[in-house]
1. Would it be correct to say that residue 110 is closer than 25 Å to residue 323 by Cα and either without any contact (Cβ under 8 Å) to a residue 12 or more places away in the chain or assigned to a helix (DSSP H, G or I) (or both)?
2. Within the group 222, 200, which residue is farther than 27 Å from residue 309 by Cα, over 14 Å from the mean Cα position of the chain (by Cα), within 12 Å of ligand 1 (Cβ to nearest atom) and assigned to a helix (DSSP H, G or I)?
3. Just checking, how many residues over the range 283-302 are more than 15 Å from ligand 3 (Cβ to nearest atom), surrounded by 15 or more Cβ atoms within 10 Å (Cβ to Cβ) and within 15 Å of residue 75 (Cβ to Cβ)?
4. Would you pick out the residues in the range 55-79 that are in contact (Cβ under 8 Å) with a residue 40 or more places away in the chain and away from ligand 2 (no atom under 16 Å from the Cβ)?
5. Considering the range 139-171 alone, what residues qualify as being more than 20 Å from residue 96 (Cα to Cα) and either buried (at least 20 other Cβ atoms within 10 Å of the Cβ) or in contact with a strand residue (DSSP E or B) (Cβ under 7 Å, 6 or more places away or on another chain) (or both)?
6. Every residue in the range 50-76 that is under 20 Å from residue 102 (Cα atoms) and more than 14 Å from ligand 1 (Cβ to nearest atom), please.
7. Name the residue that is nearest to ligand 2 (Cβ to nearest atom), counting only residues in the range 287-299 that are in a loop (DSSP other than H, G, I, E, B) and over 22 Å from residue 87 (Cβ atoms).
8. Test residue 154 against the stated conditions and say whether it is within 21 Å of residue 58 (Cα to Cα), touching a residue at least 12 places away in the same chain (Cβ under 8 Å) and not in a helix (DSSP H, G or I).
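Every number in this text was worked out from the coordinates using simple rules, so none of it is lab data. All of these numbers come straight from a predicted model, not from anything done at the bench. Virtual Cβ from ideal backbone geometry, glycine too; neighbours counted across all protein chains shown.
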Ligand code: 5AD
Ligand code: SF4
Ligand code: FES
């Protein structure tokens, strides 16, 4: 039953009568393959400057309403140290596509953070093979780069300056360089079909992704998609549950976007196949400026508050925070 065909995936996504069965299957497989531990990844949003223009994203370069910021190397390392003190075993460095952060500067930052005895994940967009190679040699362990959608036409519509084939090239380069590779998709983009969501899930399996982040599209008022409807929480949860069922031992975050559409979204996701949470460890003053989509949760909270909050939630469902680095194998 774990090897659904494309047609079966489509049927499951279209039919809501078996949802409870689907979520409990995904939860059982999550327990079987990755256990009850939940991996926390401390997320540092170190620059909201972006040269890209993704139609859905509040940080797109054409959005002039954003107050842009870029953290110094010292500040980034300080936040990482803080996160390690709070018990995080993985640091995620995320930013817009900000070319100020050259290979050289990033390698320095990576080096220093790796001295803190943590796993390090980068989420900084499309770069050359040479850059990816240098980051890997400096010690980066993982890389997140969502394909966003495998529907090439939709991809082209949503990403004015970008090229689908280059995105695939990035994913291949990262795999070849020995990173644990994370990808994922948005659910509910205007014009996205159920069929293409099935293709997204099959794509994750085909490229043997190690981590898969799935989140509903949330309409941002300062983007060309301001009049589009939000994605559907349950559909995003179903795509995530099916991903667990097909890919088995991968790491799947309960995404912040899910919590934005449902006040209990991350806990529901943890009970429907997810085994990772990525709390924000950026200081409060920068959080509102990293507005990929509106009403992001934890907007006014301190890193220490989120750490305690999420641990209490995890314990309330009989799960526990992992002490391990949280690699796939
Ligand atoms: N709604 C939901 N997710 C979004 N992202 C960007 N904009 C939005 C939005 N409006 C997601 C993209 C990106 C990740 C960092 O944030 O999938 O890969
Ligand atoms: Fe930039 Fe990423 Fe937003 Fe696209 S999704 S505009 S690359 S920050
Ligand atoms: Fe940030 Fe709960 S995780 S307030």
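1. Details: closer than 25 Å to residue 323 by Cα: yes; either without any contact (Cβ under 8 Å) to a residue 12 or more places away in the chain or assigned to a helix (DSSP H, G or I) (or both): yes.
Taking the combined requirement at face value, the residue satisfies it.
2. Values: 222 fails: assigned to a helix (DSSP H, G or I).
Only one candidate passes the filter, namely 200.
3. Result for the range 283-302: 1.
4. Filtering the range 55-79 for residues in contact (Cβ under 8 Å) with a residue 40 or more places away in the chain gives 55-60, 63, 65-69, 71, 79.
Of everything in the range 55-79, just one residue is in contact (Cβ under 8 Å) with a residue 40 or more places away in the chain and away from ligand 2 (no atom under 16 Å from the Cβ), namely 79.
5. Scanning the range 139-171 gives 139, 150, 151.
6. 51, 68, 69, 70, 71, 72, 73, 74, 75, 76
7. Initially, the range 287-299 is screened for residues in a loop (DSSP other than H, G, I, E, B), giving 290-299.
Still in the list and also over 22 Å from residue 87 (Cβ atoms): 290-296, 299.
Numbers: 290: 9, 291: 10, 292: 6, 293: 10, 294: 14, 295: 16, 296: 13, 299: 17 Å.
Checking each candidate, the answer is 292.
8. On the way: within 21 Å of residue 58 (Cα to Cα): yes; touching a residue at least 12 places away in the same chain (Cβ under 8 Å): yes; not in a helix (DSSP H, G or I): no.
Spelling it out, it is not the case that residue 154 is within 21 Å of residue 58 (Cα to Cα), touching a residue at least 12 places away in the same chain (Cβ under 8 Å) and not in a helix (DSSP H, G or I).
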